[in-house]
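FYI, it's all coordinate maths here, none of it is from the lab. Because the structure is predicted, anything quoted here is derived from the model rather than measured. Here the Cβ positions follow ideal geometry from the backbone for every residue, glycine too, while neighbour counts run over all protein chains shown.
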Amino acid sequence: MQDERELIRGNTPTMVLAVLRDGPQHGYAIAREVNRRTGDALKFKQGTLYPVLYSLEQDGLIAGEWEHLEGERPRKVYTITEAGSAELARRLKAWNTFTEAMARVVGGRPDEQPA
């Protein structure tokens, strides 16, 4: 569904930051955690996730460090930065404002005013 893909793409940075708020993860684990938290309703594709990770890292919102475990391929593990935590808080506030406004419009409560 095109609408779902657009919603995922537009909100991927927020979801990545939210997952990393709970601890460092590599890319595949981030995708798996989003899948788990959403009951598989949202699924990241590599073409969506990795450009977002790169962009968040370039913006200083996450930091990546290569991990080399014995017998495994090297993988990059990402950690949210202080700036990333602040950005997540800003995004969550905007998200809450948006979802409350949408609920008033689509929920059939046209007379309800924001608190």
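At-a-glance table
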item	result
Likely footprinting exposure, Val77, Val105, Val52, fewest C-beta neighbours within 10 Å first	Val105, Val77, Val52
Fluctuation leader among Ala94, Ala86, Ala103 - the chain, Gaussian network, Cα springs under 10 angstrom	Ala103
Residue order, fewest to most surrounding Cβ atoms within 10 angstrom, among Thr99, Thr14, Thr48	Thr99, Thr48, Thr14
Proximal charge balance of Arg36 [Cβ under 13 Å; K/R count +1, D/E count -1]	0
DSSP H segments from the chain that extend 24 Å or more along their own axis, Cα-based, with Kyte-Doolittle mean of -0.5 or above	2-21, 82-106
Largest to smallest principal axis extent of the C-alpha atoms in segment 2-94, angstrom	41, 28, 20
